[in-house]
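So the structure is just underneath, and the comments pick up after that.
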Amino acid sequence: MTVLECCSGDPVANRNTVLMGGHTLTHSLTGVPVFFIFAFLFLFFWLSLAWGGVEISSPVKVENPYYSNTEAHEITGPHSTGDRFLIGEPVGSGLDLKMADLQGSQKDPLPDKEPEEQVQGEEEDWMDEEDAQSPLPDPLEPMNRAFYHFNDKLYFWFLKPVGIGYETVFPLFARVSIRNFFSNLMMPVRAISCLLQGKFKGVGIELTRFMVNTSAGFFGLQDVAKIALDMPLQDEDLGQTLAFYGIGPGFYLTLPFLGPTTLRGAVGWGGQAFLNPLNYIFEDWFPYLFARSFEIVNNTSLRIGEYEALKEASLDPYIAMRDAFYQYRLSQIEK
Amino acid sequence: MTFRRLMMTPIFFFILLFFSPVVSFGGTPTESVKDTTDKIIAIVSDPVLKTPEKKEEKARLIRAAVDERFNWKEMSRRTLARHWAKRTDQEKKEFIDLFGKLLERTYLERVEGYSGEKVLYINEVVDGKYGIVSVKIVTEKDTEISVRYKVKKKGENWLVYDISIEGVSLINNYRKQFNSIIVRSSYKELVGKLREKVGK
């Protein structure tokens, strides 16, 4: 169905035939509904910006580093468990309130650290660090290790040589642009994840980014929004959304072709398949697979050397990978 | 009156001179990290040292710069965690040496690939003798890598005891690996593997 055909007839009938005829969105997008969709998107992003506060903070902004930092300590820092109790306590009884006032009047930014350090010996402060992070269970380790080796060979025997060949053909500028293009397409995943987590400012940023980068950034090839508007990519996905609602990671999983994840992450990926526009743009599996492979090869060409470095530096690459993945994931969820 | 004022001025300056170095001597954590980073960047981007014959000298210079900023003992202690206390002094010494070499080598390899990345100093948090320096590295591929140096004051210096890259702590990562190896086999096995890795 061409644009002309679509616009000449009854729009509702056209849409219905499209909806009944195929499961793709492309044809319906070319018709009249495109106006409504964009009007809705515009309204939505405008509202979410207004709701989430219009000023968009730059990532460099520092506001009360101490308190933002204690949160970080809950997972990785050296004094984790003690922090929360000692901060919470002074508000309790009258005496404590006086203590809190006293501490406040001294303007000591870190009032709770002194007693803790006295109690805690030099040799003991690694304990919190170790206990703070509940370990990720790995009941399927033999299977995971097998798939890890499969992915390892896949990388060294196939992906890396192809990536190097690709690297020599395409200049860096082109590869970064292609990465930006695919990343721009994944906007629905990030925007909806932000929305589900109540990060309305994030939704606004994502929708604005999509509009700006798709138009001024030449179909997302250039990340203009980050450079000009200081709106960085919102690194959110459905796995993080599940974590936001208190769902635990389950256990560690390594999947062939897909790499390390957790049970929770795998469920998130399943949901994301429905939000991935590539699934709707291509009717057939073949062009979809081609686009996906192209994206993977392109992104791999930008990351050659990272996996090698991890493998080279570790004594047990499987464990190193598992822990690096989990720590990275925790830091993503925390944000 | 004027005489007294004349007398007081030098004394005042003397006091100022005497006390100000105490405050600023060791520098802030950011200054310490920046100092070492700048040194290493200077070494890596020095055109004289780029020739293959000078590779050894370059590595030596970087190692010297890293050595004075990294607290290998603290790192080893934190990595071995609960296995540290069980080791004899001899074993501890050997482990610090081996682990230090492994980290140095890893660091050297990462630094060698330096190609004009920008290092931005974002934030600094000081808490008694502990501190965290947040850094952002902007690569030519337009990606930003957030790095956090955890430092601890030793004497007058801030020494690095852990590096987190994108939230992945190096020490935590090694701790998991080492613990797994010790629990599954033995400490001897770990040292053997370390030796093999370092190539000693």
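For the reader, a short list of remarks on this structure follows.
- Calculated FRET efficiency, B:Arg195 to A:Glu283, Cβ-Cβ distance, R0 = 56 Å: about 0.45 to the nearest 0.05.
- Computed from Cα atoms, the angle from the helix B:170-184 axis to the main principal axis of chain B rounds to 30 degrees.
- Part-to-part distance (alpha-carbon centres) for the range A:269-313 and the range B:64-130, which is given in Å: 35
- Rounded percent of accessible protein surface that carbon and sulfur make up, chain B, 1.4 Å probe: 60
- Across q = 0.22, 0.25, 0.28 Å⁻¹, the range B:131-195 modelled as identical point scatterers on its alpha-carbon atoms has Debye log10 I(q)/I(0) values of -0.88, -0.95, -1.05, in the order of the q list.
- Model label points for A:Ile296 and B:Lys54, set 7 angstrom from Cα along the Cα-to-Cβ axis, are 4.3 nm apart.
- Calculated FRET value between A:Leu140 and A:Phe219, using beta carbons and R₀ = 45 Å, to 0.05: 0.65
- Simple spin-label estimate for B:His83 and B:Glu166 gives 2.7 nm between the two label positions (7 Å along the Cα-to-Cβ direction from each Cα).
- Of every Cα-Cα pair in the range B:93-145, the percent that sits beyond 19 Å: 54
- Two-site label geometry, B:Glu94 and B:Leu108: point separation in nm, points 7 Å out along Cα→Cβ: 2.3
- The calculated P(r) of the range A:205-270, using every Cα pair and 5 Å bins from 0, goes 4, 17, 19, 12, 10, 15, 15, 7, 1 in percent.
- Kirkwood Rh, Cα atoms: Rg over Rh of the range A:160-272: 1.04
- Residues of the range B:149-178 buried by at least 40 Å² of accessible area upon assembly of all protein chains, compared with the chain on its own (1.4 Å probe): B:Lys150, B:Glu166, B:Gly167, B:Val168, B:Asn172, B:Asn173, B:Arg175, B:Lys176, B:Gln177.
- The alpha-carbon positions of the range B:72-200 define a convex hull whose volume is 134 Å³ per residue.
The values are calculated or read from the model by the stated rules, or taken from the named source; none is laboratory data. All of these numbers come straight from a predicted model, not from anything done at the bench. FYI the Cβ positions are ideal-geometry reconstructions off the backbone, even for glycines, and counts take in every protein chain you see. All accessible areas refer to the heavy atoms of the entire protein, side chains included, with ligands and DNA or RNA removed. Shrake-Rupley method; radii C 1.70, N 1.55, O 1.52, S 1.80 Å.
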